[in-house]
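Single-structure report; data block below.
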Amino acid sequence: MAILMPVSVMACDICGCSASGYQLGILPQYHKNFIGLRYGYRQFKSTHPMELGNTSNHESREFYHTTELWGRWYATKRLQFFAFVPFQYFRREEGKSITTVSGLGDITLMANYTFIDNNWDLGKKWHHVFQAGGGIKLPTGRTGIPDEGGNIYQNFQPGSRSTDFVVNAVYTVRRGKWGINTDASYRINTTNKEEYRFGNRFNTSLRGFLYQPVSKTVAVQPYAGLMYEHASGDHELHKTKEYTGGDMLHTSIGADVYFKRFSAGVQAQLPVYQHLSAGYNKTYTRLSATVNFFF
């Protein structure tokens, strides 16, 4: 997930985080340009304890919907550029109070270089592709949106209002129809104009996949694996913010379908371990879908 000026009262920031890391995963038709849409859904349940100023413990639920325009363009055979343009819609339920926010998120631009690629050598039994690079996340997203009580939740904004930096690496090894893909990304966040800095994010995943042609024009690619995420604690006015940051481990299962110049895919991520916001935050199954056009 017009800019409103923030109010001075800051509420408890225990809620699901709208700002996560960037993962490329199993890149579709890795040697071609493409443009596509990705949709992601996440849900959290947050507990707000008495010691944060409330008269009693109470809970809220946050629902995050992200629709993202993304694409890849090869400037040379080994140098590729990515762009991610997200649109966010968030919903927060706390008792009878319902807060919704929406708007353009932070645009990210990245470049990757292919260091290893022997897919063109048909005489090889094992094929390897290794790509790495980095980019910048721009403060284009909408921020400073208050809830009904005039409070601003930094984690519940379409944008972060900060310029951040991303580094990533992707490695795929394949033999015949079977393969393994692993990727990692690290985002370095900076302080925004409200003197708030989200903690740095690290993401990594490991997936096994099968590429199975069905006909001359159709192929399916099911996959399954694990995904780990770590978020450092946030900082406000250069002090560590309580009940922020944490760790998550998910299983992931999904499938992509390729048809001529198009692909479509779905994925589900089920949490197997989580420790978020000192245990006051709980995440549920995540869902995502994508459709791409190659050119």
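Of the heavy-atom accessible surface of the range 62-133 (probe 1.4 angstrom), what whole percent is carbon and sulfur?
That fraction is 66 percent.
With all protein chains present, how much of the accessible area of the range 170-289 (probe radius 1.4 Å) comes from carbon and sulfur, to the nearest whole percent?
Here carbon and sulfur together make up 64 percent of the probe-accessible area.
Expressed as a rounded percentage, what relative contact order does the range 119-268 have, with Cα pairs under 8 Å and six or more residues apart?
16
How many nm separate the modelled label positions at residue 240 and residue 278, each set 7 Å beyond the Cα in the direction of the Cβ?
The modelled label-to-label distance comes out at 1.1 nm.
With labels modelled as points extended 7 Å from the Cα through the Cβ direction, what inter-label distance (nm, one decimal) is found for residue 31 paired with residue 121?
1.5
Under 23 Å between alpha carbons: how many lysine pairs meet that in the chain, if sequence neighbours fewer than 8 apart on the same chain are excluded?
Lysine pairs meeting the criterion: 24.
Using the beta-carbon distance between residue 177 and residue 289 and R0 = 30 Å, what value does 1/(1 + (r/R0)^6) give for FRET efficiency, to the nearest 0.05?
For R0 = 30 Å, the calculated efficiency reads 0.80.
Compute the length gained on full extension between residue 85 and residue 259: take 0.36 nm times their separation in residues and subtract their Cα-Cα distance, giving the result in nm to one decimal.
Extra length from residue 85 to residue 259 when fully extended: 60.2 nm.
For a label point 7 Å from the Cα of residue 69 along Cα→C-beta, name the residues of the range 155-195 whose backbone N is under 20 Å from it.
Once the point is set 7 Å along Cα→Cβ of residue 69, 158-160 turn out to lie under 20 Å by backbone N, inside the range 155-195.
Taking every eigenvalue of the Cα gyration tensor of the range 177-295, multiplying by 5 and rooting it, what semi-axes result, largest first, whole Å?
Over the Cα atoms of the range 177-295, the semi-axes work out to 36, 16, 11 Å.
What FRET efficiency, computed as 1/(1 + (r/R0)^6) with R0 = 30 Å and r the Cβ-Cβ distance, is obtained for residue 268 and residue 215, rounded to the nearest 0.05?
Efficiency for this residue pair is about 0.65.
Provide the solvent-accessible area of residue 295, counting protein heavy atoms only and rolling a 1.4 Å probe, rounded to the nearest 10 Å².
Solvent-accessible area, nearest 10 Å²: 110 Å².
Order 160, 215 by their accessible area, 1.4 angstrom probe, all chains in place, largest first.
So, going from the largest accessible area down, we get 215, 160.
How large is the charge dipole for the range 34-294, taken about the Cα centre, if only the Cβ atoms of Lys, Arg (+1) and Asp, Glu (-1) carry charge, to the nearest 20 debye?
That gives a dipole near 1280 debye.
Would you please calculate the Kirkwood hydrodynamic radius of the chain over all C-alpha pairs and express it in Å, rounded to one decimal?
Result for the chain, one decimal place: 20.2 Å.
Counting heavy atoms of the protein chains only and a 1.4 Å probe, report the per residue accessible area for the chain as a whole number of Å².
With the other protein chains kept in place, the chain gives 48 Å² per residue.
Once the whole set of protein chains is in place, how much accessible area is left on residue 284, using a 1.4 Å probe, in Å² to the nearest 10?
My reading of the accessible area for residue 284 is about 60 Å².
The values are calculated or read from the model by the stated rules, or taken from the named source; none is laboratory data. Everything numeric in this text was worked out from a predicted model, so none of it was measured. With ideal geometry, Cβ positions are generated from the backbone for all residues, glycine too; neighbour counts draw on all protein chains shown. In case anyone asks, the SASA skips ligands and DNA or RNA and just uses the protein heavy atoms, side chains included. Shrake-Rupley method; radii C 1.70, N 1.55, O 1.52, S 1.80 Å.
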